[in-house]
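The structure appears right after this line, and notes come after that.
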Amino acid sequence: MDFLPPPPLLDHHSRPVLHGELGLGRFERLLADAVTGGETGSGSGGGWFDSAAGLAVLRWCPPLLGIEPHCSPARYLARRREFGAYAARRALLRGSGIGDLLVDTTAAAPGSAAAVDGGEPVTVAELDAALPGHARELVPLDELAAQVGATSGSVPAQLRNLGTALETAARSAAGFVCDAGPLLWQPESARPPGRAEVARAASAA
């Protein structure tokens, strides 16, 4: 019996990819950033490459670049440099099984820790070109609101302009993202705020 290959995956909340070559220290700092739940390295000398996320990188990524799985971190990063940033990015993305990305650009915005540590982020258009499918942007609501607030002279103008900015972004964006922490810790605040509450918050900002 012939089996159909699995369909390409959709990563519904991905992080940006960074331009440039990464040394061991920089890669580990970014890897540590990606580890959740307070996980730490095993203490055996491998640092963050000894975490579950680091072991997964060393298991699945090296073969996509033509070298053995579970090689040393230094060998893996040297192989990435041999390929070059563009070719390595393309090989890793296309070999991941992911067809489409929805990209949250806040993680590597210019000036953020990720951007400073690993260079400027690859644009969504560049990611789109590297994928077998498509990449589309997730617009961060807090950044959009901050941009509108910085260019609006009054609270009424800010509220009007925010509505316009949301409508404009919705025409091309795949979706919106925001910090859900307050909703998790304060479920009673999950209801949409009224216009008066929004005006008070904008005045206090």
Inset, instruction - Output the number of the condition that residue 165 fails; it satisfies all remaining conditions of (1) closer than 28 Å to residue 15 by Cα; (2) in contact with a helix residue (DSSP H, G or I) (Cβ under 6 Å, 6 or more places away or on another chain); (3) at pLDDT below 85. - result: (3)
Legend entry - Positions within segment 59-68 being part of a loop (DSSP other than H, G, I, E, B) and surrounded by fewer than 13 Cβ atoms within 10 Å (Cβ to Cβ), in sequence order: 66, 68
Legend entry - Selection count where residues are open to solvent by 30 Å² or more (accessible area, probe 1.4 Å) and aliphatic (A, V, I, L, M), scope segment 79-90: 2
Inset, instruction - Please state which of the following conditions residue 108 fails to meet, knowing it meets all the rest: (1) open to solvent by less than 70 Å² (accessible area, probe 1.4 Å); (2) at pLDDT below 85; (3) of a type outside the set (Asp, Glu); (4) farther than 27 Å from residue 178 by Cβ. - result: (4)
Legend entry - Residues satisfying the stated conditions in segment 45-63, i.e. under 21 Å from the mean Cα position of the chain (by Cα) and over 19 Å from residue 29 (Cα atoms): 60
Legend entry - Subset tally (residues that are under 16 Å from residue 196 (Cα atoms) and either under 27 Å from the mean Cα position of the chain (by Cα) or not hydrophobic (A, V, I, L, M, F, W, C) (or both)) for segment 137-170: 6
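The values are calculated or read from the model by the stated rules, or taken from the named source; none is laboratory data. These figures come from a predicted structure and were not determined experimentally. Ideal geometry is used to build each Cβ from the backbone, glycine not excepted, and the neighbour counts take in all protein chains shown. Quick note on the areas: whole protein, heavy atoms, side chains included, nothing else; ligands and nucleic acids left out. Shrake-Rupley method; radii C 1.70, N 1.55, O 1.52, S 1.80 Å.
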